[in-house]
Amino acid sequence: MELWVYITIAAAFLQNFRTAMQKRLTGRLSTTGATFVRFGFGFPFAILYVFVLHHSFGMAWPKPHLLFAFYGVAGGLAQIFGTFLLLHLLSFRNFVVGTAYSKTEPMQAALFGVVILGDQVSSGAVIAILVGIGGVIAISVARTEITVRSLVTSMTERRALIGLASGAMFGFSAVFYRAASLSLGAPGFLMQAGFTLVCVSIFQTVIMVGYMRLREPGQITEVLRNWRPSSVVGLAGIVGSACWFTAMTIQNVAYVRALGQIELIFTFAASYFLFHERSNRREVLGVVLIAGGIIILLLAT
């Protein structure tokens, strides 16, 4: 298998671990505070990473420019907006429909990649993405009374539109991150991805700190009090992000995000083997579809 496959699988695994650790912080911090630690405690590790690449491996510093800054800011803002839209879904009594539609991110990322970057997506990859999305949606609605028919008929509902918008923002962010990294041109995909990650992480940290000072002033103090578990989240998050950025610098965003759905298989395996939780038929079907989509994707690329 190609290098980007291994890097993407590592990214998905680390994202799964980081999410689990963030959930443990939600009892101590607000949702915004728990979200912030990913960036605020992560960017120092990102800085250390690029310094190691430069001083230990002799990789030259990239030369940032205005277009790089535009792509980085656009990607950072899109990711923040996507996160807030996803969190807004929690305010609805039944947010499953919106969450299911937010999982269309890989398909939207494929479309944006074609339009913005001119990426080429094979017909086999499109089939793989659709199969994988079907699996993710099946898992999303597995424990509800929602059916495929009701999902289709709810496309114009507010929850569905917010979910689609959230998926679009995450799709935009992935494409803009790839564009930012590729725009540097040199000195190699590791430094390009790492440098982009540093710039975006610092930008997002500044935005989040400003937001919390205005809307949740006491939350910054609470975050600092929980610096130990927050540091673990930050480290796992930034290493996972470094893997995502690197994979998306090497390979088409659509392929990376489609393979990244393997994260749900990790979640399913952990719930079954570690917590001995039973799964229903929809969840099993969803996992089978995701696995099938991944196999089709690897064969298509």
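Could you list, in sequence order, the residues of segment 180-191 that are surrounded by fewer than 24 Cβ atoms within 10 Å (Cβ to Cβ) and either in a helix (DSSP H, G or I) or touching a Leu at 6+ places or on another chain (Cβ under 6 Å) (or both)?
182, 183, 189, 190, 191, listed by residue number.
Report, by residue number, each residue of segment 1-33 that is of a type outside the set (D, E, K, R) and either surrounded by fewer than 17 Cβ atoms within 10 Å (Cβ to Cβ) or without any contact (Cβ under 8 Å) to a residue 60 or more places away in the chain (or both).
Result: 1, 3, 6, 13, 19, 20, 26, 27, 31.
If you scan segment 56-98, which residues turn out to be crowded, with 22+ Cβ neighbours inside 10 Å and either at pLDDT below 85 or among the charged types (D, E, K, R) (or both)?
Those that are crowded, with 22+ Cβ neighbours inside 10 Å and either at pLDDT below 85 or among the charged types (D, E, K, R) (or both): 97, 98.
Provide a single number: the residues in segment 111-140 that are within 17 Å of the chain's Cα centre (by Cα) and closer than 13 Å to residue 297 by Cα.
Count: 3.
Please give the helices (runs of 4 or more DSSP H) falling wholly within segment 251-301 in which 2 or more residues are out of contact with any strand residue (DSSP E or B) (no Cβ under 9 Å at 6 or more places or on another chain), among the small types (Gly, Ala, Ser) and under 16 Å from residue 142 (Cβ atoms).
Counting at least 2 such residues, we get 262-273, 281-300.
Considering each of 23, 63 in turn, give the residue that is under 24 Å from residue 206 (Cβ atoms) and basic (Lys, Arg).
Just a single option satisfies the conditions, and that option is 63.
In segment 99-108, what count of residues is obtained for those that are aliphatic (A, V, I, L, M) and modelled with pLDDT under 80?
1
I need the full set of residues from segment 56-78 which are among the β-branched types (Val, Ile, Thr) and part of a loop (DSSP other than H, G, I, E, B), in order please.
Scanning segment 56-78 gives no hits.
Of all residues being surrounded by fewer than 20 Cβ atoms within 10 Å (Cβ to Cβ) and of a type in the set (S, T, N, Q) in segment 237-277, which is farthest from residue 21 (Cα to Cα)? Just the residue, please.
Here the answer is 271.
Can you tell me which of (1) part of a helix (DSSP H, G or I); (2) within 30 Å of residue 161 (Cα to Cα); (3) touching a residue at least 60 places away in the same chain (Cβ under 8 Å) is the one residue 49 doesn't meet?
Of the numbered conditions (1) part of a helix (DSSP H, G or I); (2) within 30 Å of residue 161 (Cα to Cα); (3) touching a residue at least 60 places away in the same chain (Cβ under 8 Å), the odd one out for residue 49 is (2).
Of these, 34, 12, 110, which one is of a type in the set (A, V, I, L, M), more than 20 Å from residue 200 (Cα to Cα) and assigned to a helix (DSSP H, G or I)?
The conditions single out 110.
Testing residue 41 on (1) surrounded by fewer than 19 Cβ atoms within 10 Å (Cβ to Cβ); (2) at pLDDT 90 or above; (3) more than 13 Å from the chain's Cα centre (by Cα), one condition comes back false. Which one is that?
Residue 41 satisfies all of (1) surrounded by fewer than 19 Cβ atoms within 10 Å (Cβ to Cβ); (2) at pLDDT 90 or above; (3) more than 13 Å from the chain's Cα centre (by Cα) except (1).
What is the one condition in (1) without any contact (Cβ under 8 Å) to a residue 40 or more places away in the chain; (2) outside any helix (DSSP H, G or I); (3) β-branched (Val, Ile, Thr) that residue 206 does not satisfy?
Among (1) without any contact (Cβ under 8 Å) to a residue 40 or more places away in the chain; (2) outside any helix (DSSP H, G or I); (3) β-branched (Val, Ile, Thr), residue 206 violates only (2).
Please specify each residue of segment 226-269 satisfying the condition of being free of Cβ contacts under 8 Å to residues at least 60 places away in the same chain and under 19 Å from residue 38 (Cα atoms).
Listed by number, the list holds a single entry, 228.
The values are calculated or read from the model by the stated rules, or taken from the named source; none is laboratory data. Predicted model, so just to flag it, every value in this text is computed and none were measured. Methodologically, a virtual Cβ is constructed for each residue, glycine included, from the backbone with ideal geometry; neighbour enumeration extends over all protein chains shown.
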